[in-house]
Amino acid sequence: MALDNITLGQYYPADSVVHRMDPRVKIILLIAVIVAVFLAGNLLAFVPVIAFLIVVTKLSKVPVKMMLKGLKPLRLILILTFVLNLFFLQGETVLLDLGFAQIKQESLVLAVHYSLRLILLVLFSSLLTLTTPPITLTDGLERLLSPLRVIHFPAHEMAMMMSIALRFIPTLMEEADKIMKAQTARGADFESGNLIARAKAMVPLLVPLFVSAFRRAGDLAMAMEARCYHGGEGRTRLRVLKCEKRDFIACVLVALLIAIVILLGKIY
Amino acid sequence: MQVTMEHVTHTYQPGSPFQATAIQDVSMEIREGEFLALIGHTGSGKSTLAQHINGLLKPTSGKVLLDGKDIHEKGFDKKEVRKTIGLVFQYPEHQLFEETVAKDVGFGPKNLGLSEDEIKERVIEALQKVGLGEPELMEKSPFELSGGQMRRVAMAGVLAMRPRILVLDEPAAGLDPQSREDMLQLISGLHKQGTTVVMISHSMDDVARFATRAVVMEHGAIAMEGTPQEIFRHAERLEGMGLDVPSVCKLGMKLRAMGLPCPEDVFREEQALPALLALWKEGKRHGA
């Protein structure tokens, strides 16, 4: 039904170099690439970034269609960014006079620049989530944040919470779908009516969903305690994260990318 | 009221890497007044099939006809389908949400747009049917009830819509023996009063006791179809599919394996005693 098409966590299973990379490295490199995108001072500097994106996408075996799907929810923001910058930025060279407004060369360049920056941010981030299973991602995040334990930051607890949340999204989704169907079978209507009517129609879905979430939370806590879970102290892992050659190559590549971007920004 | 399925195929999440075909080219019919049992291994597509009966799922290809009319055709009133065909999901007590039992049972009739009086009448009638007729119970919160009572309230919620065809997905799962028996008696009673019943079940003893016809599903397709007598004659084949057979059948198989001439079409408890007596007399005559 309506919930069929939501793929949260949106992991795309495939066997590729990008998939096999260490999640910690991937997270750090994503941040580095985002820095590179912001460092790009002119349109030319975007060329190596875009080239890098294309190469990595190709390597990851993720279909382009899946990548572009990530942009869909942002289309309104993208259009707004482009249009607002196009009309409201200051400039001198008039390209087009529409009477009520003028399009200037400088503003056109900047509008393209800002939109491109946004698109690249989204695409690189979705590349990370598409190639890394959510649980591996939180694993990597936990390891990256663990030095912060010195200042009493609960890295393990945060990661555990995130893993549980991610683990239960599909379960709860299935549950929601089932309850929705059951109520539909009793003549409930989730799809028509105005906003208030639709919000009211959610009650028969949300109440059972919350009840089951609480029940599951209780069961899970019990099951974890029964298996002697007592927090992160002294825990060993099933999958030990290890940096390999490909991770170092990726780091070097991204460092080079940043260098090229800075260089191109300086020259022109 | 007759439901006909014509070459129904259903694929979940088509086009994604998670695509899965749950049922493939299924054609069958549900006849007026019958008690149809849907049997199959977990993942054989029974529940998906059940959800096609009242139009909750739309077939990827193929048609579902109610009295000859395609229920997914434009202009066909879906409310009509929901009114005629009631669906009780697995663990239906997980769908309760209202403040009081009466309100929860009245949810279906209210959605049908009935008057207050009519809703009240139907709520009382439905609760009496499931054996929860006490007036003080109606104003209780459904979350205060016991598990078995909650299941019966959820069941009443579907019965209050007065369906002509009732589809039940493992209605007795997880109940204690007494509640289980009550539930089965309730369903059997509804069938005797003229409701067409479609029941998904893992208990072959229940199928042997109540069903007038059975459909066996395997890998999303119909593997066997017929009266319980016809189906349980192929007990070995059922076991090959990872399914159980009624206890009486098992006994018969053991006796036959010992070389005793136990007839193959004995599968109900009440048939067992006469058959065993016949065997015993036979044995005595031969002086064994």
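Only the coordinates and a few stated rules stand behind these numbers; no lab work does. Every value quoted in this text rests on a predicted model; they were computed, and no experiment measured them. Cβ atoms come from the backbone with ideal geometry, glycine included; neighbour counts cover every protein chain shown.
Some values worked out for this structure:
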read-out: Label-point gap, in nm, between B:SER188 and B:LYS281 - each point 7 angstrom along Cα→Cβ; value: 2.6
read-out: Residue pairs, from the table A:LYS26/A:LYS58; B:LYS79/B:LYS192; B:LYS78/B:LYS140; A:LYS69/B:LYS83, whose Cα atoms sit over 28 Å apart; value: B:LYS78/B:LYS140; A:LYS69/B:LYS83
read-out: Net +/- balance of residues flanking A:GLU142 in space, Cβ distance below 15 Å, scoring K and R +1, D and E -1; value: +4
read-out: For B:MET199, residues with placed amide H under 5 Å, excluding near neighbours; value: B:LEU36, B:ALA37, B:LEU38, B:LEU168
read-out: Highest-MSF residue in chain B out of B:GLN185, B:GLN90, B:GLN271 [GNM, Cα springs under 10 Å]; value: B:GLN271
read-out: Local electrostatic count, B:GLY62, Cβ distance below 14 Å [Lys/Arg +1, Asp/Glu -1]; value: -3
read-out: Estimated distance in nm for a label pair at A:ILE164 and B:ARG162, the labels positioned 7 Å out from Cα along Cα-to-Cβ; value: 4.8
read-out: Residue with peak Gaussian network fluctuation, chain A [Cα springs, cutoff 10 Å], from A:THR129, A:THR236, A:THR171; value: A:THR236
read-out: Chain B: relative contact order in percent, alpha carbon pairs under 8 Å with at least 6 residues between; value: 21
read-out: Top of B:ALA156, B:ALA275, B:ALA208 by mean-square fluctuation, Gaussian network on chain B, Cα under 10 Å; value: B:ALA275
read-out: Antiparallel DSSP beta bridges within the protein assembly as shown, percent to nearest 5; value: 55
read-out: Residues A:THR138, A:THR131 arranged by fewest to most Cβ contacts within 10 Å; value: A:THR138, A:THR131
read-out: Anisotropy class of chain A from Cα gyration tensor, a/c 1.5 cut; value: oblate
read-out: Options A:GLN102, A:VAL35, A:ALA197, ranked by Cα towards positive dipole end of chain A, top entry (Cβ charges); value: A:VAL35
read-out: Order of B:GLU239, B:GLU136 under a 10 Å beta carbon neighbour criterion, fewest first; value: B:GLU136, B:GLU239
read-out: Likely footprinting exposure, B:GLU270, B:GLU6, fewest C-beta neighbours within 10 Å first; value: B:GLU270, B:GLU6
read-out: Spatial separation of Cα centroids for region A:157-217 and region A:40-100, in angstrom; value: 36
read-out: Theoretical FRET efficiency, 1/(1+(r/R0)^6), r = Cβ-Cβ of A:MET222 and A:PHE190, R0 22 Å, to 0.05; value: 0.10
read-out: Label-to-label distance, nm, for residues given as A:THR236 and A:ILE34 (7 Å Cα→Cβ offset); value: 3.5
read-out: Whole-Hz couplings from phi, Karplus 6.51/-1.76/1.60, listed for region B:159-165; x for Gly and Pro; value: 5, 5, 8, 6, x, 7, 10
